[in-house]
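This report refers to the structure that appears directly beneath it.
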Amino acid sequence: MTDPRQPSLGSIEQPSLFVPPPGAAPGASDAGQPTSPAAGAPVVIPSLTPASTLGACALPYREYLQRTDHSVYTVTCFLSDLRMLTDYLGRQTKVRAITQRQLGDWLSYLKWDRGVPPAPKTMARRITFLKNFFGWLTDAGIVARDPTANIALSRPAPPLPELLFDDEVARLEVAAAADVRCALLVMLLLSTGLKKEEVAHLRPEHVDVSDPAHPAIEVHFPGQAKRRRERRLELPAAWSALYAAYVARYQPRERVFECTDRNLNYILAAAVKRAGLTKRVTLQLLRDVYAVRQLRAEVSLDALREKLGLSDEAWHESAEKYRKLAFPAGAGEASPDEQED
C-alpha cells in the first residue's frame, strides 16, 4: 500500500482536479454528475451530496469562491491548497469522513515533512483555506460537523507601518499642490482611504460633483463577486474645484487616472521628494493614515471596515493593526469600542 503523502515518481502527472481521470465515462465526475459531455460544451458544475468525494469538490468550490467575496489571488491560492489536500488524502476520500486529526496530520506534513518549512503566513493561509472550505461544506449540509472548528488560526503579525505625523502630512499636501494630478491623488487617498486598485479603476462617471459643497465618489466593481464592497464616500468641498481643474488639464475619459499603477507611485514619489520626507510613503501608507485618523475621530471599527471595503478575512488582520496604530499601548487613550463600554 502506497503512502498518499509521498510525491509521485518520475514524470507521472497527477490527475487534474477539474476534469475526470483518464478512462472515466464521458461526462462523469467523482460525484457521478455530468461535467463536460463534449468538447467545447459548457462545463456543468456537479452537485455535491454527503456521499461526495474530495475529488468531486474542486469545480463546485471554485464556483463558490468566484461568486462570493474573494479576490482572484485568493481563489488561485485556495484551489492550490485544495489540490494539495486532495493529493494527500486521496481523491476518493469521502468528505464527510474527514476528521480533525487527518487535517492536523496534513498541516504537520506540510510544515515539517517536506524539507524547507513554509513561511508562517503561508501556513496561516492554509488554515484559512481549511476553515473556508469546510465551513462551506458544513453550511451546504455536505458534512454534518465542521472538522476545523477546533483548529486554531494564528496569523503572524505583520510589522506596523511608520505613519506620517500630522506636520509631515501637511508638508506632503503642500508639495502635492505643485501638480494638480498629484494634489487630486493625495486628497483622494487621505479623504477616502481607497485601495491602489480602486484608485486605478475609478471612472469619471463615479465622481459626483453635482453638489460642489458635498462632492463624493462611488466605488464599483465588475461582476458579482465584490458587490458587498461597493460604497459611496464623501470628499471635502475643496475636491470640487480641484477636480474641475484636473479635468480641464487632463480630460480623462475611461478612468480618472489614465495611467498605470506604477505611474501613480511615481507621481506620489515626486511629491514626497519635494516635501523632503525621509519616510517610505506609498499609496497604502496614505490609506493607513486615513484609517488611523478615522479611528481617532471616534469612527467605530464596523463603520471603518465599511469605508475601507474589507472582507471578513482581510479585516481580521487589519482591525488589530489600525487599533495599535491609533491607540498605542500606554498612550492613555481608549479605542472607540472601549469608550462605548
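The values are calculated or read from the model by the stated rules, or taken from the named source; none is laboratory data. None of these values were measured; they are calculated from a predicted model. Every residue, glycine as well, gets a Cβ built from its backbone with ideal geometry; the counts of neighbours run over all protein chains shown. Quick note on the areas: whole protein, heavy atoms, side chains included, nothing else; ligands and nucleic acids left out. Shrake-Rupley method; radii C 1.70, N 1.55, O 1.52, S 1.80 Å.
The table below gives the values:
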item	result
First in region 256-279 and under 10 Å from Leu185 (Cβ atoms), second anywhere and basic (Lys, Arg), Cβ under 8 Å, 6 or more apart	Val256/Arg203; Phe257/Arg181; Leu264/Lys196; Ile267/Arg181
Residues of region 261-291 classified as of a type in the set (Val, Ile, Thr) and more than 27 Å from Glu320 (Cα to Cα), total	2
For Ser154: the one exception among (1) modelled with pLDDT of 95 or more; (2) surrounded by fewer than 18 Cβ atoms within 10 Å (Cβ to Cβ); (3) in contact with a helix residue (DSSP H, G or I) (Cβ under 7 Å, 6 or more places away or on another chain)	(1)
Among the candidates Val256, Val219, Val289, residue that is within 30 Å of Gly135 (Cα to Cα) and crowded, with 16+ Cβ neighbours inside 10 Å	Val219
Candidates Glu168, Glu198, filtered to the one that is in a helix (DSSP H, G or I), open to solvent by less than 40 Å² (accessible area, probe 1.4 Å), touching a strand residue (DSSP E or B) at 6+ places or on another chain (Cβ under 6 Å) and in contact (Cβ under 8 Å) with a residue 12 or more places away in the chain	Glu198
Test: Val256 is in contact with a strand residue (DSSP E or B) (Cβ under 8 Å, 6 or more places away or on another chain), at pLDDT 95 or above and not in a helix (DSSP H, G or I)	yes
Residue list for region 292-312, filter: more than 30 Å from Arg262 (Cβ to Cβ) and surrounded by fewer than 20 Cβ atoms within 10 Å (Cβ to Cβ)	Arg296, Ala297, Glu298, Val299, Ser300, Leu301, Asp302, Ala303, Asp312
Pick from region 52-68, criterion farther than 15 Å from Ser80 by Cα and among the polar types (S, T, N, Q), ranking: surrounded by the fewest Cβ atoms within 10 Å (Cβ to Cβ)	Thr68
Selected residue (only one of Glu198, Glu218, Glu234, Glu173 is modelled with pLDDT of 90 or more and over 20 Å from Leu308 (Cβ atoms))	Glu173
Checking Trp239 against (1) open to solvent by less than 80 Å² (accessible area, probe 1.4 Å); (2) assigned to a loop (DSSP other than H, G, I, E, B), the condition it does not meet	(2)
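Yes/no per residue for (1) hydrophobic (A, V, I, L, M, F, W, C); (2) crowded, with 18+ Cβ neighbours inside 10 Å; (3) in contact with an Asp or Glu (Cβ under 6 Å, 6 or more places away or on another chain); (4) not in a helix (DSSP H, G or I):
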| position | (1), (2), (3), (4) |
| --- | --- |
| Leu110 | yes, yes, no, no |
| Thr122 | no, no, no, no |
| Asn132 | no, yes, no, no |
| Ala144 | yes, no, no, yes |
| Pro147 | no, yes, no, yes |
| Leu160 | yes, no, no, yes |
| Val174 | yes, no, no, no |
